[in-house]
Amino acid sequence: MIKSPLQIAREAYKPKLPGSLKGTVKIVEGEKTKSVADQAEIEKMFPNTYGMPILTFEAGKAEEVPTVNVGVILSGGQAPGGHNVIAGLFDGIKALNSNSKLYGFLGGPSGLTDNKYVELTSDIIDHYRNTGGFDIIGSGRTKLEKTEQFDKGLVNCKALGINALVVIGGDDSNTNACVLAEYYKAKDSGVQVIGCPKTIDGDLKNEMIETSFGFDTACKVYSELIGNIQRDANSAKKYWHFIKLMGRSASHIALECALQTQPNITIVSEEVEAKKQTLDDIVKYIAEVIAKRAANGDNFGTVLIPEGLIEFVPEMKVLISELNDLMAKKEAELSCIESSQEKREFISESLSSESSNVYSSLPNDIADQLIMDRDPHGNVQVSRIETEKLLIQMVAARLKKMRTKDKYHGQFGSQNHFFGYEGRCAAPSNFDADYCYSLGYTASVLIGSGKTGYMSSVRNTTAPADQWIAGGVPITMMMNMERRHGEMKPVIQKALVELDGAPFKKFIENREDWAVNTKYIYPGPIQYFGPTEVCDLPTKTLTLEQSK
Ligand code: FBP
């Protein structure tokens, strides 16, 4: 393996651990828990894993633990720090008992059912410490939800002598981990299941999970790029940059990047939904800011657009839900139509008249992107819809009209960008390197004490790592019932941006100033070595949320 000088230097970095994990650990049981909503239904569905107490680790006396053999799965989109979760888990189970073994299931959850695995030994692990990516074992989006899959997985675990599985994933994957834990416990199978909170999107968080890993690094990478673009915009003074940012439904990434870089405009999908803003309202707002800046002689600026925006605009939300049903029902007919134009006509004729009008008013490329395949969870693949280009076209048309009415006298030059994949596999920031290693190590302690149906939890993360609080949270505690594919299902509640939360409030206090005046911040690249106030800073979101 050829390595860059930074990779070599980073390999030697020792992640910081919470004080309680530095020696032997005592587990303190808290109060019994209940789910965030729909308690009776969730309890009925999870009779063996519901109501378990929150666990907190403290320094304690060493106890003899037998060998633990663990299987680990990376599930869903990449997020910086995944390799460190695995490294922490590896070091943790070896500290419990040096004969313990770690197996990595390859290519995501399908590795478990297809029995594709590799034994992760120290010479493999050492190459991946503090590196980005999930390439140590690969990831995938197969859903583990059917009993046949659970049974196959159990046979494969038994064959390898595995007594615990660690699922590193987002809300959907951890929901499935919880169902798997309940199933294996009900069978008294002897296989425990522990989850770890992963996703750059930042939407897997709650009272006990302060942040999902990868959010910190991804936002810092995007903010560096946005800052660079802002410097360019402020130097050339001739372009408006429309920047779409990953994050699926939630706007956490767009909001965090806005707080880090102070762009002229940031759209927050959750606000769009709450205020029932139409696409036209959004375009009007952007065009008016552009006109105001033009009146001051500033024909440049930046606009941040959350990836999932389109799903929050009321008329588009109705359209997408009709399209989802239509595509499921008419899959066969649609697959026989070859030309895009005929596909669009077929779709237009099959929609309600309101949605048909909205659909027909869209540019052809956006109309085509809206009918691309759904992901395995039935979601529209928002990363493939070019909302940034759609907005540029609509804003340009509006500015043209404003000019005829003497309301705009500027020059509108535009550039479009989409930042997503650029940040998902970056070398983890110190925060993510430390947090992920701690999450993995925490998982090993939960396994060593026989727990199942828990998620690794590391809290108090705005304090120095030594004061972080490690422990476990029952996954059932995060669940509620939601309609999925036409059926009510128990799922982990997704955390969207809270409009009464501190990060959003901070943003609205400043947005008018940032819109008209040029108040850009240029964060620069992530620093891995240097003073702690530069290298170890958590996100603005976390800092504002925790300083309540
Ligand atoms: P998860 O962490 O929820 O799996 O998704 C992260 C993400 O990067 C989203 O922000 C994005 O919409 C999606 O993955 C893109 O998926 P893919 O990697 O399949 O293109």
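Arg141 falls short on exactly one of the conditions (1) over 21 Å from the mean Cα position of the chain (by Cα); (2) of a type in the set (D, E, K, R); (3) closer than 19 Å to Cys425 by Cα, and that condition is (1).
The residue of the range 249-261 that is nearest to the ligand (Cβ to nearest atom), among those that are buried (at least 24 other Cβ atoms within 10 Å of the Cβ) and in a loop (DSSP other than H, G, I, E, B), is Ala250. Screening Glu29, Glu64, Glu43 for residues that are assigned to a strand (DSSP E or B), of a type outside the set (A, V, I, L, M, F, W, C) and over 25 Å from the mean Cα position of the chain (by Cα) leaves exactly one candidate, Glu29.
Of all residues in the range 526-548, exactly one satisfies the criterion of being of a type in the set (Val, Ile, Thr) and more than 25 Å from the chain's Cα centre (by Cα), namely Thr532.
Scanning the range 515-525 for residues that are under 16 Å from Ser223 (Cα atoms) and either open to solvent by less than 30 Å² (accessible area, probe 1.4 Å) or over 23 Å from the mean Cα position of the chain (by Cα) (or both) returns Lys519, Tyr520, Ile521, Tyr522, Gly524. Please verify whether Gly60 is in contact with an Asp or Glu (Cβ under 6 Å, 6 or more places away or on another chain), at pLDDT below 95 and more than 16 Å from the ligand (Cβ to nearest atom), treating the condition exactly as stated. No; evaluated as a whole, the condition is false for this residue. Taking the range 291-338, which residues are among the polar types (S, T, N, Q), surrounded by 15 or more Cβ atoms within 10 Å (Cβ to Cβ) and modelled with pLDDT under 90? Selection gives Asn324 alone.
Among residues that are more than 16 Å from the ligand (Cβ to nearest atom), open to solvent by 50 Å² or more (accessible area, probe 1.4 Å) and either modelled with pLDDT of 95 or more or among the hydrophobic types (A, V, I, L, M, F, W, C) (or both), Thr404 is included.
Scanning the range 353-384 for residues that are within 16 Å of the ligand (Cβ to nearest atom) and either in contact (Cβ under 8 Å) with a residue 24 or more places away in the chain or farther than 28 Å from Lys143 by Cβ (or both) yields Leu370, Arg374, Asp375, Pro376, His377, Gly378, Asn379, Val380, Val382, Ser383.
The conditions of being touching a helix residue (DSSP H, G or I) at 6+ places or on another chain (Cβ under 6 Å), more than 19 Å from Asp434 (Cα to Cα) and either modelled with pLDDT of 95 or more or among the hydrophobic types (A, V, I, L, M, F, W, C) (or both) are met by Leu144.
For the range 69-104, taking the residues that are assigned to a loop (DSSP other than H, G, I, E, B) and over 30 Å from the mean Cα position of the chain (by Cα), the one that is surrounded by the fewest Cβ atoms within 10 Å (Cβ to Cβ) is identified as Ser98.
Selection over the range 10-23 of residues that are assigned to a loop (DSSP other than H, G, I, E, B), crowded, with 16+ Cβ neighbours inside 10 Å and touching a strand residue (DSSP E or B) at 6+ places or on another chain (Cβ under 9 Å) gives a count of 2. Pairs are defined by a Cβ separation below 9 Å, a sequence spacing of at least 6 or placement on different chains, a first member in the range 505-531 that is touching a residue at least 60 places away in the same chain (Cβ under 8 Å), and a second member that is open to solvent by 50 Å² or more (accessible area, probe 1.4 Å) and among the basic types (Lys, Arg); the pairs so defined are Lys506/Lys540; Asn510/Lys519; Ala515/Lys292; Val516/Lys292; Tyr520/Arg231; Tyr522/Arg231.
Does Glu349 satisfy being of a type in the set (D, E, K, R), farther than 13 Å from Leu370 by Cα and under 25 Å from the mean Cα position of the chain (by Cα)? The answer is no for Glu349.
Using the structure shown, decide if Gly92 is at positive phi and away from the ligand (no atom under 16 Å from the Cβ). No; evaluated as a whole, the condition is false for this residue.
One residue alone among Thr461, Thr452, Thr387 is closer than 30 Å to Ser75 by Cβ, within 13 Å of the ligand (Cβ to nearest atom) and either touching a residue at least 12 places away in the same chain (Cβ under 8 Å) or open to solvent by less than 30 Å² (accessible area, probe 1.4 Å) (or both), and that residue is Thr387. With respect to the conditions (1) over 19 Å from Thr442 (Cα atoms); (2) touching an Asp or Glu at 6+ places or on another chain (Cβ under 7 Å); (3) open to solvent by less than 10 Å² (accessible area, probe 1.4 Å), Arg141 falls short on a single one, namely (3). Asp126 falls short on exactly one of the conditions (1) more than 16 Å from the ligand (Cβ to nearest atom); (2) of a type outside the set (Gly, Ala, Ser); (3) surrounded by 15 or more Cβ atoms within 10 Å (Cβ to Cβ); (4) not in a loop (DSSP other than H, G, I, E, B), and that condition is (3). So, in the range 464-476, how many residues would count as being open to solvent by 10 Å² or more (accessible area, probe 1.4 Å) and within 20 Å of the chain's Cα centre (by Cα)? Going through the range 464-476 one residue at a time, the tally reaches 0. With the structure loaded, tell me whether Asp232 is more than 23 Å from Glu315 (Cβ to Cβ), in a helix (DSSP H, G or I) and out of contact with any Pro (no Cβ under 9 Å at 6 or more places or on another chain) or whether it fails that test. Criteria met by Asp232. Answer yes if at least one residue in the range 116-138 is at pLDDT below 95 and under 22 Å from Gly472 (Cβ atoms), and no otherwise. Scanning the range 116-138 turns up no residue that is at pLDDT below 95 and under 22 Å from Gly472 (Cβ atoms). Of the residues making up the range 181-220, those that are of a type in the set (Val, Ile, Thr), assigned to a loop (DSSP other than H, G, I, E, B) and either open to solvent by 10 Å² or more (accessible area, probe 1.4 Å) or more than 10 Å from the ligand (Cβ to nearest atom) (or both) are Val191, Thr199, Ile209, Thr211.
Looking across the range 129-180 at every residue that is within 16 Å of the ligand (Cβ to nearest atom) and assigned to a strand (DSSP E or B), the one that is farthest from Pro15 (Cα to Cα) is identified as Gly140.
The values are calculated or read from the model by the stated rules, or taken from the named source; none is laboratory data. Because the structure is a prediction, the values reported are computed rather than measured. Using ideal geometry, Cβ is built from the backbone for each residue, glycine included, and neighbour counts are taken over all protein chains shown. Keep in mind that these areas ignore ligands, DNA and RNA; they rest on the heavy atoms of the full protein, side chains included. Shrake-Rupley method; radii C 1.70, N 1.55, O 1.52, S 1.80 Å.
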